[in-house]
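One structure below.
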Amino acid sequence: MAYDSKTANRVKRMEGQLRGILRMMEEGQNCKDVITQLSAVRSAVDRTIGVIVSENLLDCVTTAEGNAEKMNSAIREAMDLVVKSR
């Protein structure tokens with residue numbers, strides 16, 4: 001699967017957020033603020049997983065070209081990925 005620049009940018013933003021959280025921890029900032037930022041990263045990860053799974057599913061269903069078995073297999077695989085990410 002090819003990942004577009006938007007997806008890569010999402011991951012780069014999360015990387016920046018995590019670096020910021022580390023800096024907050026090193027500075028001894030309030031745990032409430034650190035937890036708030038960690039929750040934001042977790043939400044961003046969940047959204048990114050959803051984007052990647054849905055794009056992959058669309059690709060798989062499109063290439064299935066009416067083959068019901070291929071489509072069902074792609075849908076099962078996508079659902080397994082979503083469940084596994086939890």
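For (1) closer than 21 Å to G16 by Cβ; (2) in contact with a helix residue (DSSP H, G or I) (Cβ under 9 Å, 6 or more places away or on another chain), each residue gets a yes or a no:
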{"position": "G28", "(1), (2)": "yes, no"}
{"position": "Q37", "(1), (2)": "yes, yes"}
{"position": "R42", "(1), (2)": "yes, no"}
{"position": "V45", "(1), (2)": "yes, yes"}
{"position": "E55", "(1), (2)": "no, yes"}
{"position": "C60", "(1), (2)": "no, yes"}
{"position": "A64", "(1), (2)": "no, yes"}
{"position": "M71", "(1), (2)": "no, yes"}
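Annotation note: Cβ proximity below 8 Å between a residue of region 33-54 that is under 26 Å from A74 (Cβ atoms) and a residue that is among the basic types (K, R) and modelled with pLDDT of 95 or more (sequence gap 6+ or interchain) occurs for A44/R10; A44/R13; R47/R10; T48/R10; V51/R10.
For R19, indicate whether it is touching a residue at least 12 places away in the same chain (Cβ under 8 Å) and open to solvent by 100 Å² or more (accessible area, probe 1.4 Å). Quick ask: steps written out before the conclusion?
Details: touching a residue at least 12 places away in the same chain (Cβ under 8 Å): no; open to solvent by 100 Å² or more (accessible area, probe 1.4 Å): yes.
No; evaluated as a whole, the condition is false for this residue.
Scanning region 61-76 for residues that are under 22 Å from the mean Cα position of the chain (by Cα) and either small (G, A, S) or surrounded by 14 or more Cβ atoms within 10 Å (Cβ to Cβ) (or both) returns V61, S73, A74, I75.
Considering only region 32-60, state which residues are more than 12 Å from the chain's Cα centre (by Cα) and open to solvent by 60 Å² or more (accessible area, probe 1.4 Å). Passing the criteria: K32, D33, I35, T36, Q37, L38, L58, D59. Residues in region 19-72 that are modelled with pLDDT of 85 or more, basic (K, R) and farther than 23 Å from K6 by Cα: R23, K32.
The values are calculated or read from the model by the stated rules, or taken from the named source; none is laboratory data. Please read these numbers as outputs of a predicted model, since none were measured by experiment. Methodologically, a virtual Cβ is constructed for each residue, glycine included, from the backbone with ideal geometry; neighbour enumeration extends over all protein chains shown. In case anyone asks, the SASA skips ligands and DNA or RNA and just uses the protein heavy atoms, side chains included. Shrake-Rupley method; radii C 1.70, N 1.55, O 1.52, S 1.80 Å.
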